[in-house]
1. Can you give me the relative contact order of the range 1-150 as a percent, contacts being Cα pairs under 8 Å and 6 or more apart?
2. Note down the accessible area of residue 257, probe 1.4 Å, to the nearest 10 Å².
3. Keeping all protein chains in place and using 1.4 angstrom, which order do 117, 52 fall into by accessible surface area, from largest down?
4. Just want the answer: with Cβ charges of +1 for Lys and Arg and -1 for Asp and Glu, which residue in 223, 319, 341 is farthest toward the dipole's positive end in the range 214-368?
5. Please compute the contact order of the range 280-336 in relative form: average sequence separation of alpha-carbon pairs under 8 Å and at least six residues apart, divided by the residue count, as a percent.
6. Write down, largest first, the equivalent ellipsoid semi-axes of the range 1-116 in whole Å, where each equals the square root of 5 times an eigenvalue of the alpha-carbon gyration tensor.
7. Where is the GNM fluctuation largest for the chain (alpha-carbon springs, 10 angstrom cutoff): 65, 348, 185?
8. Distance between the C-alpha centers of the range 47-116 and the range 234-278? Whole Å please.
Amino acid sequence: MVKTNKKKICIVASSLSKGGAERSSAILSQMLSALGYDIHIVTVLSGVDYEYSGTLFNLGDLKKENDSFFGRINRLRQFKKYISTHAFDLIIDNRSRVQGYREFLISKFVYNIPVIYVIHNFNIKKTFTKYTWLNKWLYQNEYMTAVSQAAGLMFKKKFHLKQLRTIYNGFDFNTIQTLGREVLEIELPEKFILFYGRIDDNHKNLKLLLDTYKASSLATDNVKLLILGSGPDLNLIKSYSKQLELSSFVDFKGFVKNPYPYVLKAKFVTLTSRFEGFPMVIPESLCLGIPVVSVDCNSGPNEVIENERNGLLVDNDNPTVLAEAFNRMILDDDLYNSCTSNAVSSVEQFSTENVMQSWDKLIKEVLQ
């Protein structure tokens, strides 16, 4: 039997469907596979919307069969068995780690090899357990990466994390640009701005988006608002749009597997989140030459957007100020043209070619 020196890496993800962290897990599998690693992916939930590389073990299929207490115990056993059977060299854990008992079991009894834990969100409730002492005990000596500098600094200080660094999400800009040229078979408004992402108001603050659009002059200037995405608050946001009498100006398109042709035809893309980790829509839009108007939420936007160079960045939770930014980007041709001309070059550092080298360096450090 011929032996191989190729290192085996298991990426653990919530799923490969409908989310920024999920999409980044798929991209990570492609980057590491391109570097020659033998990649496996274990997903907690079913659903695959994003292209990935490697072998997929979907625990979500077991969850659909039996989600009782004994079903959860069985999935944990199957998870441990899969890791032991395949003799991985390294685990990269991309999940949210919020349930104390589960993270204790996984960290101490399932994982018995080196692990890199990835932080995808600035919001502690979506990232770590509610027990500060437990987070310190489980993770302070572990290798961790954060997808933004602000999130990394905050969690490093809070939990005394000794092995944390920032590695941004990687983007295959060539593929995004190719997908952006795909022909749409539906008719779009002549002029529109775009939001795309999960319809979750607690996270994405879509009521602020609608309040801002209402306060701006965009409807008067016949610039529509397109919203792409699905999520738990879709009906709530549709109802709020009707309440603001915006039904003629706001168009909900639902979840779209390839949003990039919409991005390419938009005047600009907007982000109104209360919090993020590293919002992937910003580099994606900029690589297509489309400016972004964003609130300065924690964390990520101010690490990509250079105000008045590739977009506009304004204080959060202020529809008046954000509406002024909307108006400027539509009415100020010099500003708009400057932002579009700088957009593509402003995100070169986030290319998969650059990010994969950071991952390769970290993996070699962990495994040395």
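The values are calculated or read from the model by the stated rules, or taken from the named source; none is laboratory data. The model shown is predicted, which means the values in this text are computed figures rather than measured ones. Every residue, glycine as well, gets a Cβ built from its backbone with ideal geometry; the counts of neighbours run over all protein chains shown. The area values use the complete protein model at the heavy-atom level, side chains included, leaving out ligands, DNA and RNA. Shrake-Rupley method; radii C 1.70, N 1.55, O 1.52, S 1.80 Å.
1. Here the relative contact order equals 21 percent.
2. Using a 1.4 Å probe on the heavy atoms, I get roughly 140 Å².
3. 52, 117
4. It is 223, whose Cα lies furthest towards the positive end.
5. 28 percent.
6. In descending order the semi-axes read 22, 18, 13 Å.
7. Of 65, 348, 185, the most mobile in the Gaussian network model is 185.
8. The two parts, judged by their Cα centres, are 33 Å apart.
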